[in-house]
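Structure first, commentary second.
Read the figures in this text as sums done on the coordinates, not as results from a lab. All of these numbers come straight from a predicted model, not from anything done at the bench. No Cβ is skipped: glycine too gets one built from the backbone with ideal geometry, and neighbour counts run over all protein chains shown.
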Amino acid sequence: MTATPECAPLPSLPHYLRGGLRVVFIGFNPGLESARRGHYYAFGGNVFWRQLNESGLVSRAVTFEDDALLAEEAGIGFTDLCPRPTARASELTRAEVRDGARALLADLLACQPRVALFSGRGIYRFFALHALGLGAGDLDVRSWGLQPERIRETVPWVIPSSSGLASKWHRERLVLLQQLAADLRRGDA
């Protein structure tokens, strides 16, 4: 019996990660709506694009349909810790998270963006545990923003998720994005 289109797994999103990027945004994994539309942060309730426009990281108003253009236009890339689209990140297996963290490390080492911007503490925690070999105790006391580790020359930053589930952190998220934009302009990041 062949799978019907309704039952077929959704395709993952392309990884917009290459050399020369100022920032690469790293999500946990594609949401279902983003996978259906083929663009990052395409769910209407997500504040990602509104806050990116307010951050100072882009010079024009952008939407999810611009994700593939931003590497060339603004030095901004996109990727995920895990490629499989799900409704919630908790649907991913431990093996997917572990393997995704290791694959992400290899990609970051190969491409060396100036900043690896992790959209959520949980994403960075999994990455740091599985790819950087840090202990959980080291990560429990971390604050948002700049992290002390380096991925060769890449600087890791952590900001709150743009998901509606993290709405209590959205104001702080915007402030952090604006701080990052200012740091990049000054050459501090």
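Things worth noting here:
- Residues whose amide H falls under 5 Å from that of Gly145, counting only those 5 or more places apart or on a different chain, are Val158, Ile159, with hydrogens built in the peptide plane.
- Mean Cα-pair separation over length for the chain, i.e. relative contact order, pairs under 8 Å, 6 or more apart, %: 26
- Charge context of Ala35, other residues only, Cβ under 12 angstrom, K/R +1, D/E -1: +1
- The local environment of Leu10, defined by Cβ-Cβ distances under 9 Å, has a net charge of +2 under the rule Lys, Arg +1 and Asp, Glu -1.
- Toward the positive end of the charge dipole of the chain, with +1 on the Cβ of Lys and Arg and -1 on the Cβ of Asp and Glu, the farthest Cα among His130, Ala87, Tyr41 is that of His130.
- Sites Arg102 and Val175 - FRET efficiency at Förster radius 35 Å, r taken between beta-carbons, to 0.05: 0.65
- Gaussian network model of the chain, springs between alpha carbon atoms under 10 Å - residue of Asp67, Asp140, Asp99 with greatest fluctuation: Asp140
- Lys, Arg +1 and Asp, Glu -1 on Cβ, resulting dipole of the chain about Cα centre, debye, nearest 20: 320
- DSSP-defined antiparallel bridges as percent of all bridges, the chain, nearest 5: 20
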